[in-house]
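Structure first, then comments.
Coordinate-derived values only; no laboratory data. Worth saying up front: this structure is predicted, and the values here are computed from it rather than measured. Heads up, the Cβs are rebuilt from the backbone with ideal geometry, glycines too, and the neighbour counts pull from every protein chain shown.
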Amino acid sequence: MNSRRIIKIGHRGAAGHRPENTLAALEQAIALDADYVEVDIQQTCDGHLVLMHDKFVDRTTNGTGKLSDMRWDDLRSLDAGNGQRIPSLPELLEAANNRVALILESITPGIGLKVHQQVVSMTFREPVIFSSFHHADIAAIREVDSKALTMALLEAVPIARAAFALDAGATHAGIALDTMTFEFGEALHEAGLQVFLYTADSPEQIGLAKELGADGIISNFPERIQISG
């Protein structure tokens, strides 16, 4: 087994332990010594950036409806699990600053630059990787900040291998574990990209991610990454 150190990344905080994309999940991931905490960012109809993965709030809150149709004040009244509230991006940055690095995934198309601007304005002192399936968003970030760390996300193996990430100027590639192959990982590494695999929770999944050459593993249980075989 390769003994190199692999980056431990808490998925949506530490979603296996606390309600996903909440400050409680962030705190749990920090307590579990995650290197990075990954969260999802969307924009409300009145322009606020908030933590939420699904397009609809139904699964993770006691509310109903499409997040992009809702106002910030309406979202704040919802219970996101165990009494947690949906955090705003500034609240997350304040809670994480000087404590843990972040991966900020833009879910709403076109918000990448706004996410980047909020990070810069908060003078966030830990590393931040800006990620998205919307590769134009991370390309736009690299255009205004050539030193930014960015991750192009993908759920399938493309014909052109690394082109999807290189065309966006990405520094990292985030690939679904179920579709990853050893040859694809080699191509990404040869292109100079760091490879993060998601989402690996069981010892078998984490072991496979390591065998496939992952530089970082995204897990709902980040503490399991270091003890997996």
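Can you give me the C-alpha center-to-center distance between the range 95-133 and the range 12-57, rounded to a whole angstrom?
Distance between centres, Cα-based: 12 Å.
Please give the contour-minus-distance gain from Ser68 to Ser121: 0.36 nm per residue of separation, less the Cα-Cα distance, rounded to one decimal in nm.
16.7 nm
Work from the charge dipole of the range 7-224 (Cβ charges, +1 for Lys and Arg, -1 for Asp and Glu, about the Cα centre) and give the residue of Ala187, Phe133, Phe164 farthest towards its positive end.
In the range 7-224, that residue is Phe133.
What percent does the relative contact order of the chain come to when contacts are Cα pairs within less than 8 Å and at least six residues apart?
This gives 20 percent for the chain.
Cα to Cα, under 20 Å, and not fewer than 8 places away if on the same chain: which lysines meet these conditions relative to Lys55?
Lys66, Lys114
Using a Gaussian network model of the chain whose springs link C-alpha atoms within less than 10 Å, name the residue from Ala191, Ala24, Ala170 with the highest mean-square fluctuation.
Checking each option, the largest mean-square fluctuation is seen for Ala191.
Please give me, ordered by residue number, the trypsin sites (Lys or Arg not before Pro) of the range 105-147 that lie in loop per DSSP and have at most 14 other Cβ atoms within 10 Å.
Passing sites in the range 105-147 are Arg125, Lys147.
Let's see if you can work this out: charge +1 on each Lys and Arg Cβ, -1 on each Asp and Glu Cβ, no other charges. What is the dipole magnitude of the chain about its Cα centre, in debye to the nearest 20?
320
Please report the antiparallel percentage of the DSSP beta bridges confined to the chain, to the nearest 5.
Percent antiparallel among DSSP bridges in the chain is about 15.
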